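Here is the structure we will look at.
The values are calculated or read from the model by the stated rules, or taken from the named source; none is laboratory data. Model, not experiment: these values are computed from the prediction. Cβ coordinates were reconstructed from backbone atoms using ideal geometry, including for glycine residues, and neighbour counts include every protein chain displayed. The protein model used for the area step is the full one, side chains on, heavy atoms only, and it has no ligands, DNA or RNA in it. Shrake-Rupley method; radii C 1.70, N 1.55, O 1.52, S 1.80 Å.
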Amino acid sequence: MALIELSPETPAPPAPATPPPAYFYRRAGLALAAVLLLALGGAAPPAATLWQHVGAVPVPASGDFQLIGGTLYAMDLDARPRVLTAWQAQPLRRLWSYRSGAGEDPFFVAEATPEVTVVRAGRSVTVLDARTGAVRWKSPVAVQPVSDTVAYVEEEIFRPGTEYDPASGDPGQLYGTNSAALHTEPALRTELRGLDLTTGAPLWSLAFPGSVFTAWTDAPANAVVVLSSDKLSLISPTTGAVLRQRAVPLLDGARAEEGEVVGSTVLVHYGSFGTGGPVVAYALDTLDELWRQDRPDPAGNSSVCSGLTCVSHRDELVVLDPRTGAERWRIADTDLIGFGPGAVLELQGMTTPVRTADAGTGRPRLDLSPWRYHFPVQGGQSFLLSHLEKDRTTVFGLLEPDATEVQLLGRLPDMTVQCQAVPELVACRVGERVEVWAFHA
């Protein structure tokens, strides 16, 4: 049974002594303004408006944190039961704590809206009231929100008696991507159900043979993409209506195995994902076939290509035109992230920014070699960059699409490499606390 601590906020500080009369502040303010004007020539330091300290939240060294929207979530992972505490980020104050009855991994906030906080514990989900932390409803399988009020779940149904016993050590292929256990046979069907995110009430239900791939896309389709073994479908998230559907053919006798949504394109992979083989691209808005090609075996190439259409070769990435499949440019030993409508961010080891480049040609745009770490700004197209100074402080800058330079924001008087950012807020771990800072572009 979950226990909920309904504490609306931390105790308020004691009331200050009776303030001086208003004319005292006017005189003091005029005098201070005159001094600053003489000392600084009338110029206010720009860093004071770009980078402001909000406060700090205690987080155990074994715990974790997430910054989502205007809420900071602190997780005590050693506590039994585990504890999730929500803090309003600006101004900083504690909102509530939730004690999870489940001890499975992973444990994190999967989504947060103004109405609800969706907490994932193992494969199950608990939906909390965003204002109080009270439990609204629970789901035994993962929940995928598609808006502030609508979500969907997918549940694989297997033949009874096919659950795999890990203690047996029996060899063989195992099945199950979102079920509580692995099975020795493929799923009979997958049930896809639309839900009211705030209450858990069912909205619609569909069934597909076998296992499926699903993804949510808000543009251009505004639909749930469903790839089954023989069909590609676009489903309305609110009604379950089939908005568009087409047959997915066999290729060389093989069925489609995996799907991938990149921008406005759906890539259908045949054979095991990441091992090469045929790939067919479909337009998201019409489901018309755009192109098909045979992919080489990447032979262990670990380079990452995110938000772009790429082919992974043994020793390089090839960036493709998503509408035609034609080769655009090549790069080796580098990770790529789509950055805005026409740029890419090049990284080393998915941590160190190298440069921005033109997405169409690969031509370098902005050198980022002075910076050491990058943190995506959630809900936006920008990145927070940082590097460490010799005096053990951390300097931050803001990188926006098509920028010709990194905008310097300010510094944190500690060393940190673990940060998360949303528009105008950043949270960074420093020891057993998370420091919160406000920034302005």
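Tell me what the chain gives for mean residue ellipticity at 222 nm when only DSSP H runs of n ≥ 4 count, each as -39,500 (n - 2.57), the sum divided by the residue total, rounded to 500 deg cm²/dmol.
Numbers: 2 runs with 23 residues, N = 441.
That calculation yields -1500 deg cm²/dmol at 222 nm.
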* How many Å² of accessible area per residue for region 303-441, probe 1.4 Å? -> 46
* So how strong a dipole does region 69-198 carry about its Cα centre when Lys and Arg Cβ are +1 and Asp and Glu Cβ are -1, to the nearest 20 debye? -> 620
* Heavy-atom accessible area of M350 with all protein chains present, probe 1.4 Å, nearest 10 Å²? -> 70
* Leaving ligands, DNA and RNA out of it, work out the accessible area of R159 with a 1.4 Å probe and give it in Å² to the nearest 10. => 110
* Would you calculate the volume per residue, in Å³, of the smallest convex hull containing every Cα atom of region 103-194? => 107
* Structure fact -> Per residue, accessible area of region 217-277 with a 1.4 Å probe, heavy atoms of protein chains only, in Å², comes to 44
* Mind pulling the angle between the C-alpha long axis of helix 22-40 and the longest principal axis of the chain? Nearest 10 degrees, somewhere in 0 to 90. => 80
* To do: Determine the shape class of region 253-311: with a ≥ b ≥ c the square roots of the Cα gyration tensor eigenvalues, call it rounded for a/c under 1.5, and otherwise prolate if a/b is greater than b/c, oblate otherwise.
  => oblate
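Could you tell me what percent of the accessible area of the chain is made up of carbon and sulfur, with a 1.4 Å probe and every protein chain present?
Details: 12000 of 22080 Å².
The nonpolar share, carbon plus sulfur, comes to 54 percent.
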* Counting Lys +1, Arg +1, Asp -1, Glu -1, what net charge surrounds P202 among other residues with beta carbon under 12 Å of its beta carbon? -> -1
* Structure fact -> One computes Rg over Rh for region 196-252 from alpha-carbon atoms, with the Kirkwood Rh, and obtains 1.02
* Structure fact -> For region 151-300, shape from the Cα gyration tensor axes a ≥ b ≥ c, cut at a/c of 1.5 then a/b versus b/c, turns out oblate
* Structure fact -> Projected onto the charge dipole of region 331-386 (unit charges on the beta-carbon of Lys, Arg, Asp and Glu, signs +1, +1, -1, -1), the Cα from A332, L384, Q348 with the largest positive-side position is that of L384
* Say the dipole of the chain comes from +1 at the beta carbon of Lys and Arg and -1 at that of Asp and Glu; which of A357, A130, T265 then lies farthest toward its positive end? -> A130
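What is the local net charge at I331, summed over the other residues whose Cβ is closer than 10 Å to its Cβ (Lys, Arg +1; Asp, Glu -1)? Walk me through the numbers before you get to the answer.
Numbers: positive: R330; negative: E316, D333, D335, E346.
Residues near I331 contribute -3 overall.
Dipole magnitude of region 285-424 about its Cα centre, charges +1 at Lys/Arg Cβ and -1 at Asp/Glu Cβ only, in debye to the nearest 20? Mind showing how you got there, number by number?
Working: 13 positive and 21 negative charges, 62 e Å.
Roughly 300 debye for region 285-424.
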* **Loop sites in region 339-441: GluC sites (Glu not before Pro), DSSP, at most 14 other Cβ within 10 Å** => E389, E405, E432
* Structure fact -> Per the C-alpha gyration tensor (a ≥ b ≥ c, the square roots of its eigenvalues), region 107-150 is rounded if a/c is under 1.5, else prolate if a/b beats b/c, else oblate; here it's oblate
* To do: Give me Rg over Rh for the chain, both radii from the alpha carbons and Rh done the Kirkwood way, two decimal places.
  => 1.02
